[in-house]
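**Student:** Following this message is one structure expressed as structure tokens.
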């Protein structure tokens, strides 16, 4: 009977650790908020209807996205250091004005100016 309790505890611990691990790597495998989704999917948008579809898809995926707090803005060794660099990196091939505006908003939300 002790073995059953130990096995149950082991399974429970594995589930908890697995959930924590999956949350930790979620941002590495894909976007974890609306603004990251925009940066992931908007580059290359050739017209406003396509860009609007991308924005709508990101909003469906992240409908209640809280604003990014200043302490959570990123920049450093392994990321785009500042919002203008982000804009040049992600909007350079976007022909849609709406798409470029959405990328600018995302860059300003995620990165320091």
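The values are calculated or read from the model by the stated rules, or taken from the named source; none is laboratory data. Remember, it's a predicted structure, so these values are computed and weren't measured experimentally. Glycine also receives a Cβ, built like all others from the backbone with ideal geometry; neighbour counts cover every protein chain displayed.
**Student:** Would you confirm, using the coordinates I've provided, whether residue 31 is assigned to a loop (DSSP other than H, G, I, E, B), modelled with pLDDT of 70 or more and surrounded by fewer than 11 Cβ atoms within 10 Å (Cβ to Cβ)?
**Tutor:** Criteria not met by residue 31.
**Student:** If you don't mind, there's one more thing I want to ask. Among the residues of the stretch 88-99, write down those that are in a helix (DSSP H, G or I) and surrounded by fewer than 20 Cβ atoms within 10 Å (Cβ to Cβ).
**Tutor:** 88, 89, 97, 98
**Student:** Are any of the residues in the stretch 72-81 under 14 Å from residue 35 (Cβ atoms), at pLDDT 85 or above and in a helix (DSSP H, G or I)?
**Tutor:** No, there is no match, as no residue in the stretch 72-81 is under 14 Å from residue 35 (Cβ atoms), at pLDDT 85 or above and in a helix (DSSP H, G or I).
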